[in-house]
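Have a look at the structure below, then the notes.
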Amino acid sequence: MSGGAQIVLSAQHARLALEARQIGSPAVVLSLDLGLSTAELPLHDAGLLLPTGDYLGWGCLEEVAAAPTSCFVVERGSVRKIQAFSALTNRYYSLFPTAGAPTMLAAGLPMHRVQDTDPWRDTLSKIKAAGLAQRRAHWRVLDTCTGLGYTAIAAARAADEVVTIELDPAAQEIARHNPWSRPLFELPTIRRLIGDSADLIEQFEEASFACVIHDPPAFALAGELYGLRFYQQLWRVLRSGGRLFHYIGDLDSKSGARVARGVMERLRQAGFPRVVPRYEAFGVAAVKE
Ligand SMILES: C[S@@+](CC[C@H](N)C(=O)[O-])C[C@H]1O[C@@H](n2cnc3c(N)ncnc32)[C@H](O)[C@@H]1O
């Protein structure tokens, strides 16, 4: 991990320290950034000796190990769950660990696919369906819903500029504590906006984006982002030949298929002549022809 970065732990990593202590090992190799890198750390009676020179006590490590659905930030030798309540949306957000990149829970719902895949692979399938699997010169991308910023980060690898919008500052606060979201705050090619996509999109110039990735929360949480008025704005801001990927959910499930039918119909009404299902990416793709 890079110097000065926050230390973030989940149960999977805390357990490694506890197990090493149990067998009397003098040191343990584990990750302090949710699996992005590893470090060898000495074990002492006082706890785990961190690169900062602080000890993380065994009680703290037991607390983390006992909470397999949470991530914790280490602050001044103690641990704090990464979670937030938003008075704006009346929702709880938290960082939920997986074997790879964590996801964010909003009102208890994961913001990425975690079954049979992981949040980063889920992101790459959206990126591929949006036509961003290869470097694209002169592409400006709109990412309508920042979340943990994974789509913005992956899109920024291929495009010249990414504009990403997050409604809820509390959700962005969760991203600030996520080691996997660091490039969202560091890459100069990502422009972060806070606000409602449905409002902010009206301020963007016509034909100013080559690609839009639309990854909204579930229909029940953000109905306006599935409406005709919003889709007309997506069409307006895309340049000719511009691509849209709209995440929906499992198109083979009953509810996913029902939502997809309505989405495809309204996208056609908004001006996209051909809307194609992308089953592997759990969404639909369209081109402004
Ligand atoms: C499914 S997540 C997006 C995940 C994201 N693509 C990523 O890579 O992490 C949806 C996000 O959209 C945000 N959101 C909800 N309504 C919004 C709106 N009207 N405008 C912008 N963002 C919104 C939620 O707070 C949440 O963070």
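Throughout, read-outs are computed from the coordinates displayed, never taken from laboratory work. Keep in mind the model is a prediction, meaning the values are calculated, not measured. When we count neighbours, we look across all protein chains shown, and the Cβ atoms used for this are built from the backbone with ideal geometry, even at glycine.
Considering amide H positions built from the backbone, and no H for Pro or chain starts, which residues 5 or more places from Thr52, or on another chain, come under 5 Å of its amide H?
none
Using +1 at the C-beta of Lys and Arg and -1 at the C-beta of Asp and Glu, which of Cys60, Ile190, His246 has the Cα lying farthest in the positive direction of the dipole of the chain?
Among Cys60, Ile190, His246, the one farthest towards the positive end of the dipole of the chain is His246.
Express the relative contact order of the chain as a whole percentage, based on alpha carbon pairs under 8 Å and six or more residues apart in sequence.
RCO, the chain: 12 percent.
Once all Cα-Cα distances of region 106-170 are split into 10 Å bins that start at 0, what whole-number percent is in each one?
22, 50, 25, 4
For region 7-81, what is the convex hull volume of its Cα atoms per residue in Å³? Working shown, then result.
Working: hull volume 5.5 nm³, N = 75.
Dividing the Cα hull volume of region 7-81 by its residue count gives 74 Å³.
Using only the alpha-carbon atoms, how far is helix 228-237 inclined from the longest principal axis of the chain? Give it as 0 to 90 degrees, nearest 10.
90 degrees
List the lysines whose Cα sits under 20 Å from the Cα of Lys126, skipping any in the same chain fewer than 8 residues away.
List returned: Lys288.
With N set to the number of residues, divide the alpha-carbon radius of gyration of region 165-212 by 2.2 N^0.38 Å and report two decimals. Spell out each step's value before the answer.
On the way: Rg = 12.5 Å, N = 48, 2.2 N^0.38 = 9.6 Å.
In units of the 2.2 N^0.38 Å rule of thumb, it is 1.30.
Mind grabbing the base-10 log of I(q)/I(0) for region 1-137 at q = 0.19, 0.20, 0.22 Å⁻¹? Debye formula, identical points on the C-alpha positions, no solvent, two decimal places.
Log10 of I(q)/I(0), two decimals: -1.08, -1.15, -1.28.
May I ask you to derive the relative contact order of region 201-241, considering only C-alpha pairs under 8 Å and at least 6 residues apart, and to give it as an integer percent? Working shown, then result.
Details: 34 pairs, mean separation 26.1, N = 41.
Reported as a whole number, the value is 64 percent.
Relative contact order of region 106-192, please, whole-number percent, based on alpha carbon pairs below 8 angstrom and at least 6 residues apart. Please list the in-between numbers first.
On the way: 118 pairs, mean separation 22.0, N = 87.
Relative contact order for region 106-192 comes out at 25 percent.
Relative to the compact-globule scaling 2.2 N^0.38 Å, provide the ratio for the alpha-carbon radius of gyration of region 113-287. Provide the component values of the computation, followed by the final result.
Numbers: Rg = 14.8 Å, N = 175, 2.2 N^0.38 = 15.7 Å.
Here the answer is 0.95, to two decimals.
Helix-only mean residue ellipticity at 222 nm, the chain, DSSP H runs n ≥ 4 weighted -39,500 (n - 2.57), per residue, nearest 500. What is it?
On the way: 9 runs with 82 residues, N = 289.
Estimated from H runs of four or more residues: -8000 deg cm²/dmol.
Rank these for me by crowding, His44, His138, going from fewest to most other beta carbons within 10 Å. Show your work: numbers first, answer last.
On the way: His44 12, His138 9.
By the 10 Å Cβ count, ascending: His138, His44.
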